[in-house]
Amino acid sequence: MRKLSLNQQSLRLTAVVALLITMALPAAAQQKEILIRNATVLTVTNGVIENGSVLIRGTRIAAVGPADSVRASANAEVIDATGRYVFPGIIDAHSHAGVVGSVNEGSLPNTGMVRIHDVLMNEDITSYRQLAGGTTAANILHGSANAIGGQNAVVKWKWGKPISEWPIPTAPAGIKFALGENPKSSNWNVPSGQTRPYPNTRMGVEEVIRDAFVSAKAYMASWDEYEADRRRRLDPIPPKKDILMETMAGILRGEIDVHSHCYRSDEIVMLIRVAEEMGFKVKTFQHVLEGYKVAPEIAAHGAGGSTFIDWWGFKMEAYDATPYNVALMYRDGVLTAVNSDSDELGRRLNQDAAKAMKYGGLTADEAMRLCTINPARQLGIEDRVGSIEVGKDADLVIWTAHPLSTYARVETTLIEGEIYFDRQRDLAMRESLKQEKQRLLDMEKAAADLEKKTKKTKKKEVTR
Amino acid sequence: MKIFRLSIALSLGALGLLAQSVLPSSGTPGTYIIRGATIHPVTSPVIPSGHLVIADGKIERLGAGEAPAGVTGVVIDATGFHVYPGMIDANTNIGLIEINSVRGSVDSSEIGDFNPNARASAALNPHSELIPVTRVSGVTTVISVPEGGIISGQGAMINLSGWTPQQMVLRDAIALYVDFPRLRSGGFNAAELAEEEKKAKKGYEKQLEDLRQRIRDAQAFARAVEARAPGSTLPRLERDLVLESMQGVVGGRVPVVIQADYARDIREAVKFAEEAGVRMILSGGAHVQEVIDLLREKQIPVLLGPILSLPPRADDPYDLIFTNAAALHAAGIPFAIQTRDAHNARNLPYHAAACAAFGLPKEEALKSITINPARIFGVDDVVGSLEPGKMANLFVADGDPLEITTNVREVFIAGERMPMDSRHTLLYEKFRARPRKSAE
């Protein structure tokens, strides 16, 4: 073995010590810290902290508490939020934003084989506008044209990032069901010469769903049989893979959550009956405008209710909608949330939550849950988002006033410790964006003029 | 002297509704003394602890402290509460639409592009469920507006109380509603855009010319009427309901509410109104900030809204619609805020609040849904503020009505104390009382 010089030895020792120190130090020292301090922190799950601070380390919340109890490292970035409110990023349990083209593969009564994941895009300005309203995550759903629609995508509005980074990887898979007027095509005319598609009634909607699960059970049985035969070395021929049946089987195995669009109380109990007969659970009823009529039944099944709070009367099945729906469902033990189903409303779900105080008298504490931890629980992402707790993703929004106030405005929206919206930054960028647009328009015009000129020259040449 | 404390009155109301299946279409007339309240007249300073007396459907008096001795009536102790003038939504379809997707319940849009003779007042349903739903929020008065086509028809300003359309109408044919033709085209690049625009312009110019022609016809009709003054030997003029319906407009007595959102359309609309010699009120105005100078120069009032709507273009600032009101206020252009909704006209104060969150002073936000629409439509001598002699359209709330968490406790329309029930409270009571099996 070659003898090392003293110098080399000490150098090596230094390197080892340095390595040991680095290893011994908590991961903390290597991660960026942001301290939001002196704010009113609305934790949602652990009350309100006046004059509180939130420490972000990397992508997670590292500490929450009274301002003097939260210590940040010397090089932490500090956001002074004096007079401001920190609230978790709002979660929209029903959105159609950021989808390329139509949200409906409406050509069959059951299109459980299609996936919203395949048609997400990151260039829809709507996503940025959601951030500007304090919304950071959403359940992107297929439309309601068919009884069984496509599979969902649960995403964070990571504006500016590749679309592959938007889905929340730990979110359980989900699928859209739809009951009532939409799957029975009540509100649009069938083009002349075409027959009205099946189903045409709520009876037919029930049958489509029942049939899908009966078929799925047969499909699963055929695979079980195949596996059994294989174990017995009978060299069986495998059944044909069917991606639609795989989806339905996934629901029966509890791997895919059902989020069902519905309005009327009878169709809500219909789906509960079918689900209990077939052996699956409805995770959430969406819209569920008459949920208040059968809230005990929904609670007994264990489903959540995700609703827009005060839209009513736009179609027959929405005539009995009332803004008291949330309070009634909530008090009967239904896990209740407000959703948007709208690019516009998705920007102010905090206000819909406030309406549950006005209509039915929920407390501020209860109201705040409606757009944060409750939708998170409905989507199975409550371990990561929905409240301000140590260890959760740093999806935080800084408001100028209490978010249940109509005068509140979003100043800053962070997802996983990164700023995705900042009002001051937005205002500062407007002039340069305007100039950029003008420059692009000028270039366009110059190109068009040139093209015109070239065409003329060519024409002349041809004439010659 | 009967004395109701607010809380008692409320519980009495709740008992009463259990016995009702349909709601009354008006309230209880009488003389009312609201005392102890913070009074917000809107057109004069706030009175921290004052009284307001309602008699014969009107505001008899209001002021600091107690009502003078000798004034008798039902006393409503509103200590700790606030009194505001009834809110006015300048554009709704209330009374014309019950359920949007049920054709038989929709009377808001006539066939064809030109229907100046279509009057909202001819089709109002006083027993619509939307009426109580809206009025219990403190919105006491709305303009019910026909829609569709180019000239949609004539709106009616109505109180949300009454057993017949006539009992509801405050001012019939308050304005003519025009959905201004829009020049729209698209293309992959500038060359294509220019080409498409040329094509689109043809249809657009024709629509615009049709509109101008209607005005010219109505003006010609007016001249013919004038020429055939008493004693004239000219042949008798044939009746023409369409042209007759536009006489108020061409005579300058009735304004034209023109719906336009893009700057280019607004400029064209202003040009059209000027050439036609009609009094224009702009409605919509998403891109109003691009034409501020023009609107100020011409002093054209603006009905902004819905405020709770998305900016029309992808490259518009995210807060464009929210900031329009502050910009108009700064420029001294008269404006009001409207919902252009029917079922959720009750959210009018939150449209105004969104403007306040983005730079409009709070008191101006309140004016934009009370006195401002009243002034723009020339009914500020009747409604829009708390002043002696005005119609007693007002409400009592437990806080700032622009906050969602505030509750409206009492509503008076034309001096009548309104029931605080609606389809929604009744459904709430019904299903709150649904028997639940005891947990075993």
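So the values come out like this:
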| item | result |
| --- | --- |
| Single unsatisfied condition, B:Leu303 versus (1) away from chain A (no Cβ under 13 Å); (2) surrounded by 19 or more Cβ atoms within 10 Å (Cβ to Cβ); (3) not in a strand (DSSP E or B) | (3) |
| Region B:147-161 - residue that is crowded, with 21+ Cβ neighbours inside 10 Å and more than 14 Å from the chain's Cα centre (by Cα) and, of those, nearest to B:Leu241 (Cα to Cα) | B:Gly153 |
| Helices (runs of 4 or more DSSP H) enclosed by region A:292-368 - at least 3 residues per element that are over 21 Å from B:Asp398 (Cβ atoms) | A:295-301, A:325-331 |
| Check on B:Glu66, closer than 26 Å to B:Ala120 by Cβ, without any contact (Cβ under 8 Å) to a residue 60 or more places away in the chain and either in contact with a strand residue (DSSP E or B) (Cβ under 6 Å, 6 or more places away or on another chain) or among the acidic types (Asp, Glu) (or both) | no |
| Matching residues, region A:302-329, being without any contact (Cβ under 8 Å) to a residue 40 or more places away in the chain, of a type in the set (A, V, I, L, M, F, W, C) and surrounded by 22 or more Cβ atoms within 10 Å (Cβ to Cβ) | A:Ala303, A:Trp312, A:Ala327, A:Leu328 |
| Qualifying positions in region A:409-443 - part of a strand (DSSP E or B) and of a type in the set (S, T, N, Q) | A:Thr412, A:Thr413 |
| Test set (1) within 14 Å of chain A (Cβ to nearest Cβ); (2) assigned to a strand (DSSP E or B) - B:Gly155 fails condition number | (1) |
| Per-region count, region B:330-340, residues in contact (Cβ under 8 Å) with a residue 24 or more places away in the chain and either farther than 16 Å from B:Ser283 by Cα or touching a Ser or Thr at 6+ places or on another chain (Cβ under 6 Å) (or both) | 4 |
| Out of B:Val102, B:Val75, B:Val106, sole residue that is surrounded by fewer than 24 Cβ atoms within 10 Å (Cβ to Cβ), of a type in the set (A, V, I, L, M) and within 22 Å of the chain's Cα centre (by Cα) | B:Val106 |
| Strands (runs of 3 or more DSSP E) lying entirely in region B:56-96 (those with 2 or more residues that are farther than 17 Å from B:Thr370 by Cβ) | B:58-64, B:74-77 |
| Per-region count, region B:62-72, residues exposed (fewer than 10 other Cβ atoms within 10 Å of the Cβ) and at pLDDT 95 or above | 0 |
| Conditions (1) closer than 25 Å to B:Val106 by Cβ; (2) surrounded by 20 or more Cβ atoms within 10 Å (Cβ to Cβ); (3) facing chain B (nearest Cβ under 10 Å); (4) of a type outside the set (D, E, K, R); number of the one not met by A:Leu289 | (3) |
| Check on A:Gly391, without any contact (Cβ under 8 Å) to a residue 60 or more places away in the chain, in a loop (DSSP other than H, G, I, E, B) and surrounded by fewer than 19 Cβ atoms within 10 Å (Cβ to Cβ) | no |
| Unique residue being among the hydrophobic types (A, V, I, L, M, F, W, C), over 17 Å from the mean Cα position of the chain (by Cα) and under 30 Å from B:Leu320 (Cα atoms) when the list is A:Leu131, A:Leu141, A:Leu120, A:Leu42 | A:Leu42 |
| Options B:Ala276, B:Ala286, B:Ala263, B:Ala229: the member that is surrounded by 21 or more Cβ atoms within 10 Å (Cβ to Cβ) and among the small types (Gly, Ala, Ser) | B:Ala286 |
| Evaluation of A:Trp399 against (1) within 30 Å of B:Ser101 (Cα to Cα); (2) aromatic (Phe, Trp, Tyr); (3) more than 8 Å from chain B (Cβ to nearest Cβ) (one fails), failing number | (1) |
| Some residue of region A:444-464 being more than 9 Å from chain B (Cβ to nearest Cβ), free of Cβ contacts under 8 Å to residues at least 12 places away in the same chain, farther than 28 Å from A:Gly333 by Cβ and not in a helix (DSSP H, G or I) | yes |
| When residues of region A:48-73 are limited to those that are free of Cβ contacts under 8 Å to residues at least 40 places away in the same chain and in a loop (DSSP other than H, G, I, E, B), the one surrounded by the fewest Cβ atoms within 10 Å (Cβ to Cβ) | A:Arg71 |
| Within region A:160-201, considering residues that are over 28 Å from A:Gly304 (Cβ atoms) and within 14 Å of chain B (Cβ to nearest Cβ), the one farthest from the chain's Cα centre (by Cα) | A:Asn189 |
| Lone qualifier among B:Asn393, B:Asn372, B:Asn407 - being within 14 Å of another protein chain (Cβ to nearest Cβ), modelled with pLDDT of 95 or more and over 30 Å from A:Ala97 (Cβ atoms) | B:Asn407 |
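The values are calculated or read from the model by the stated rules, or taken from the named source; none is laboratory data. Note that this is a predicted model, so its numbers are computed, not measured. A quick note on method: Cβ atoms are made from the backbone with ideal geometry, for glycine too, and the neighbour counts reach across all protein chains shown.
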